[in-house]
Amino acid sequence: MNVHDLKSARPQPLPPKPRNPMPVWVAATLAMLWLIVWDLEISFETLAYGVEDMAEYFSRYGQPDFTDLSRYLYLMGVTLATALWGTVFALLVAFFLAPLAARNFAPNVVTYRIARETLNFMRAMPDLLLALIFVAALGLGPLPGALALGVHTAGFLGKFFAESLERVDKGVCEGVASTGANFAQMVMYAGWPSILREALGYVLYILDRNVRMASVLGLVGAGGIGLALHDTLRLFDYGQSAALILVILATILIIDYASAWLRRRLD
Amino acid sequence: MSAISIQSVSKRFPNGFEALKGIDAEIRSGSFTVVLGPSGAGKSTLLRLMNGLETPTTGMVRIDGEIVDRRKVRHIRSRVAMVFQQFNLVDRLSVVTNVLTGRLAHRSWVGSVFYLFRQEDLGIAREALCRVGLIDKAWSRADKLSGGQQQRVGIARALAQRPKVILADEPVASLDPVSSEEIMTLLREICDRDGITVVVNLHQVDLARRFADRIIGMNGGRIVFDGKPEEMTQSVLRTIYQREGIEDDTSLDMALAYA
Amino acid sequence: MTPALIWRWPTPNGLPPLPLVGGVLALLAGLWLTAPIVEVDFVRLIGSFGRMLAFAGQMFVTPDWEYVPQLLAKMLETIEMTVLSTAIAIVVSLPLGILAASNATPHPVVYRLTRDLLSLMRALPELVWALVFVSAVGLGPLPGVMALAFVTVGFMGKFFAESIEVVDHKAVEGVRAHGAGWLQVRLFAMLPQALPDFVGTVMYILDHNLRAAAILGLVGAGGIGYDLVMSMRLFQYDRLLLIALAIYVVVTVLDRASDRLRSRIIHGRRA
Ligand SMILES: Nc1ncnc2c1ncn2[C@@H]1O[C@H](COP(=O)(O)OP(=O)(O)O)[C@@H](O)[C@H]1O
Ligand SMILES: [Mg+2]
């Protein structure tokens, strides 16, 4: 088409503007949120009253009481150890389940489905629920907590790993397969080396998450710093509560920076 | 005795496309065969059938008299090595480890999943790397090498398998002319010195003419020519590369004028 | 290197690489040192199998059907808390996300401050905030929603900022070249590009918040969690079975839905 054609072409009416459903969606969302607020019986009076008192309330946390610091640090250590054991457990389970749950590595469809469903199931069980169950079976202490974290996050880690394995280049898989490698050899030579960096990132993320969760597992009797916080809050001991919160906060921030640093090193 | 025997093989993909329509061929042991044909002729599919990467819909492929089927596929592959257009090395592993994957089928998996190899396997890998002239790159990571070097690692991996047959699917299609020449010379030399049967898919008519003992021409999933390089005349090339539904194909004429 | 060694690693000296050995040894040492703290005791673990099985056996009871209406109400409350807190978090996170994105922030100091604020907000788990808010505003779903929204802003703001930081610079230049103002550039050039990422983030957070909301009841912050703990403590296995099942179903449905949506966004409309 040249300039002449353009000039001679009769101006055509614009095609009808596609109707924009956006306002309807926004209205529906707002209506739903309003319904939720109404149904949850959240009264804005309470909230406003709360906000007024909130400043006063939080000021009570103003003087952290560090007299028991060594005990807090020990409890934090228990929490970290619980997270470490949980993560290692998850890593072990995911290491063996993920290749079975990756479509391109799984030896057959049946194992693939079983592995996938196992991972889904582990992921669907909240770790605190699992902790409750394990406490009932094993008694109080950090061990049931570590197990609960392990089972729950094995589901996540296994899914992440499996998805990474499914993205491994098909040619690379065929290259190793064409030598006559079996399932285990395929996984070790074509699989893990190709996704190593991604996998390390996921493990760090899960470790990070497990430290956060381990610090509340104490609430269900699964050891760590969470139980101490629960007790001091129940006794309205704001000074000790503040100290405990600060210890948790500091630890998590340190881990945050450490894992960010490690991730940068890996790239 | 023929190393590879293909008997009335056809291949229909799950999407219904019939890539091979009745192929019969015997490939003599220790020969150098080039499969020539336009893109989509079914060359890769044919080669992949010989290694068990695809299974035939009808007919059968035998390697040294043994039928290639699902149950025996790993045993077959240990003797039938494959070289790919995109090299298909594991990027993050060292050159040596990539070559050592050629030994996997010959060893139990217990040691190999921990990356443990016998001394003799390392010897075989070293020998293979010497053959392809890359012994000084042995410890580099595979993805740090140039295309031509990566393809030579691919050939070293094939050699490490101590195979009866090497299948090469367009091994030089991603390489510059000089590297292409090196790779083809290497494959020819392996065929001559070790008596390994070599089957190569190619695009380049001149390379096929210069290196092959025998040329198989394919078009549209069928074999349209089978003979010595001398017998491949302009009219034969025409049948190999003709395109369906195009009567006066000037592109074809131009391409063949310089072939 | 001894020549008698039959097994060798594919390294110049035949031994595994030092960083790997060091890493594995450090991990094993860490596990060994912390084993007494975590009270890892394999005898106890194996001994508990019997009790685990017994527990699993107790779960095979006729469900307490009378409880179903209350269960549904509590599950609805859990879902409502999830949706409401996520919605609040989206509204708060969008401006914070812009301030915390290095290419959209008005000033590096604002960037640093917002980033630190976000990382403080997400540092403590929801349950800790729920504890604090419960003692501030009393029992019920309100402190739960507050805790969820608070922590979620910390995560969402960071994810939003990261999505904004990777938008294509050329499109932004284009809009700016047409004389768009500060806010217009951010609203019309950056946000639309980051939108697919945002949707993925929101789905991920919804998923996370649902799991969190299901346990907040533990500290009296609304949702199914309270019933869960009570039925556990009172050995009401006929209820526990139903609760666990309900949580499993809802979490799985959302999990699948968000997987589907995410792959649709990543692989285009039809997937
Ligand atoms: N997995 C597959 N599914 C469907 N069709 C395929 C598949 N692999 C190859 N084909 C088709 O089969 C035909 C032959 O392919 P191929 O053997 O790769 O040809 P060549 O290597 O000669 O270029 C092509 O038309 C291709 O599109
Ligand atoms: Mg091909």
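Odds and ends about this structure:
- Single unsatisfied condition, B:HIS75 versus (1) without any contact (Cβ under 8 Å) to a residue 40 or more places away in the chain; (2) more than 10 Å from chain A (Cβ to nearest Cβ): (2)
- Residue in segment B:38-59 that is of a type in the set (Ser, Thr, Tyr), out of contact with any strand residue (DSSP E or B) (no Cβ under 7 Å at 6 or more places or on another chain) and facing chain A (nearest Cβ under 8 Å) present: no
- Selection within segment C:43-79 - touching a Lys or Arg at 6+ places or on another chain (Cβ under 7 Å) and in a helix (DSSP H, G or I): C:TYR67
- All of C:ALA123, C:ALA194 fail the test of being buried (at least 20 other Cβ atoms within 10 Å of the Cβ), within 24 Å of the chain's Cα centre (by Cα), modelled with pLDDT under 90 and within 11 Å of chain A (Cβ to nearest Cβ), apart from C:ALA123.
Residue-wise test of (1) within 26 Å of C:LEU216 (Cβ to Cβ); (2) open to solvent by less than 10 Å² (accessible area, probe 1.4 Å); (3) not aliphatic (A, V, I, L, M).
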position: A:LEU200; (1), (2), (3): no, no, no
position: A:VAL203; (1), (2), (3): no, no, no
position: A:ILE225; (1), (2), (3): yes, yes, no
position: A:SER241; (1), (2), (3): yes, yes, yes
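- Matching residues in segment A:1-43 - criterion: being among the hydrophobic types (A, V, I, L, M, F, W, C), open to solvent by 100 Å² or more (accessible area, probe 1.4 Å) and modelled with pLDDT of 70 or more: A:LEU14, A:MET22, A:VAL24, A:TRP25, A:LEU30, A:TRP34, A:TRP38
- Residues located in segment B:138-179, provided they are within 16 Å of ligand 2 (Cβ to nearest atom) and open to solvent by less than 50 Å² (accessible area, probe 1.4 Å): B:GLN151, B:GLY154, B:LEU167, B:ALA168, B:ASP169, B:GLU170, B:PRO171, B:VAL172, B:ALA173, B:LEU175
- C:ARG51 fulfils the conditions (1) at pLDDT 85 or above; (2) within 30 Å of A:LEU75 (Cα to Cα); (3) over 28 Å from the mean Cα position of the chain (by Cα) except for a single criterion, (1).
- Any hit, segment C:8-27, residues being open to solvent by 40 Å² or more (accessible area, probe 1.4 Å), within 24 Å of A:GLY223 (Cα to Cα) and not β-branched (Val, Ile, Thr): yes
- Residues of segment B:151-158 include at least one that is closer than 22 Å to C:GLY14 by Cβ and touching a Ser or Thr at 6+ places or on another chain (Cβ under 8 Å).
- Near pairs, Cβ below 8 angstrom, 6+ apart or cross-chain, from segment A:228-247 (in a loop (DSSP other than H, G, I, E, B)) to any residue that is crowded, with 16+ Cβ neighbours inside 10 Å: A:PHE236/C:SER135
- Filter result (at the interface with another protein chain (Cβ under 7 Å from one of its Cβ atoms), assigned to a helix (DSSP H, G or I) and open to solvent by less than 10 Å² (accessible area, probe 1.4 Å)) within segment A:144-184: A:ALA146, A:GLY175, A:VAL176
- Residue list for segment B:81-120, restricted to those being without any contact (Cβ under 8 Å) to a residue 24 or more places away in the chain and more than 10 Å from chain A (Cβ to nearest Cβ): B:GLY111, B:LEU116, B:PHE117, B:ARG118, B:GLN119, B:GLU120
- Taken over segment B:32-44, the criterion of being open to solvent by 10 Å² or more (accessible area, probe 1.4 Å) and in contact with an Asp or Glu (Cβ under 6 Å, 6 or more places away or on another chain) is satisfied by B:SER44 alone.
- Residue within segment B:60-73 that is open to solvent by less than 10 Å² (accessible area, probe 1.4 Å) and away from ligand 2 (no atom under 16 Å from the Cβ) present: yes
- Test: residue in segment C:85-106 that is within 11 Å of chain A (Cβ to nearest Cβ), assigned to a helix (DSSP H, G or I) and of a type outside the set (A, V, I, L, M): yes
- Test: residue in segment B:122-137 that is more than 16 Å from ligand 2 (Cβ to nearest atom), crowded, with 23+ Cβ neighbours inside 10 Å and of a type in the set (D, E, K, R): no
- A count restricted to segment B:172-201 and to residues that are within 16 Å of ligand 1 (Cβ to nearest atom), of a type outside the set (S, T, N, Q) and modelled with pLDDT under 90 stands at 2.
- Given (1) part of a loop (DSSP other than H, G, I, E, B); (2) modelled with pLDDT under 85, index of the condition A:THR46 fails: (1)
- Residue in segment C:197-216 that is open to solvent by 70 Å² or more (accessible area, probe 1.4 Å), part of a helix (DSSP H, G or I) and under 26 Å from C:ALA101 (Cβ atoms) present: yes
- Where a residue in segment B:29-45 is closer than 15 Å to B:ILE190 by Cβ and of a type in the set (S, T, N, Q) and its partner, wherever it lies, is away from ligand 1 (no atom under 13 Å from the Cβ) and open to solvent by 10 Å² or more (accessible area, probe 1.4 Å), with Cβ under 7 Å and at least six apart: B:SER29/B:MET1; B:SER29/B:SER2; B:SER31/B:ASP213; B:SER31/B:ARG214; B:THR33/B:ALA212; B:THR33/B:ASP213; B:THR33/B:ARG214
- Applying a threshold of 6 Å to beta carbon distances and a minimum spacing of six or more residues, or different chains, the list of pairs starting in segment A:51-66 at a residue that is over 15 Å from C:PHE133 (Cβ atoms) and ending at one that is at pLDDT 80 or above and outside any helix (DSSP H, G or I) is empty.
- When B:LYS72, B:LYS43 are screened for being touching a Gly at 6+ places or on another chain (Cβ under 9 Å), charged (D, E, K, R) and within 16 Å of ligand 1 (Cβ to nearest atom), only B:LYS43 passes.
- Selection over segment B:74-95 of residues that are open to solvent by 10 Å² or more (accessible area, probe 1.4 Å) and out of contact with any His (no Cβ under 9 Å at 6 or more places or on another chain) gives a count of 13.
Conditions tested, residue by residue: (1) surrounded by fewer than 23 Cβ atoms within 10 Å (Cβ to Cβ); (2) out of contact with any helix residue (DSSP H, G or I) (no Cβ under 7 Å at 6 or more places or on another chain).
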site	(1), (2)
C:PHE60	yes, yes
C:THR78	no, no
C:VAL83	yes, no
C:ALA87	yes, no
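- Cross-chain or 6+ apart pairs with Cβ under 6 Å, segment A:129-148 first and farther than 9 Å from C:GLU39 by Cβ, then open to solvent by 10 Å² or more (accessible area, probe 1.4 Å) and not in a helix (DSSP H, G or I): A:VAL135/A:GLY221; A:LEU140/A:GLY221; A:GLY145/A:GLY223
- Selected residue (criterion: farthest from the other protein chains (Cβ to nearest Cβ)) from residues of segment B:1-26 that are part of a loop (DSSP other than H, G, I, E, B), open to solvent by 60 Å² or more (accessible area, probe 1.4 Å) and more than 16 Å from ligand 2 (Cβ to nearest atom): B:MET1
The values are calculated or read from the model by the stated rules, or taken from the named source; none is laboratory data. Remember, it's a predicted structure, so these values are computed and weren't measured experimentally. Virtual Cβ from ideal backbone geometry, glycine too; neighbours counted across all protein chains shown. These area figures cover heavy atoms from the full protein model, side chains too; ligands, DNA and RNA do not enter into them. Shrake-Rupley method; radii C 1.70, N 1.55, O 1.52, S 1.80 Å.
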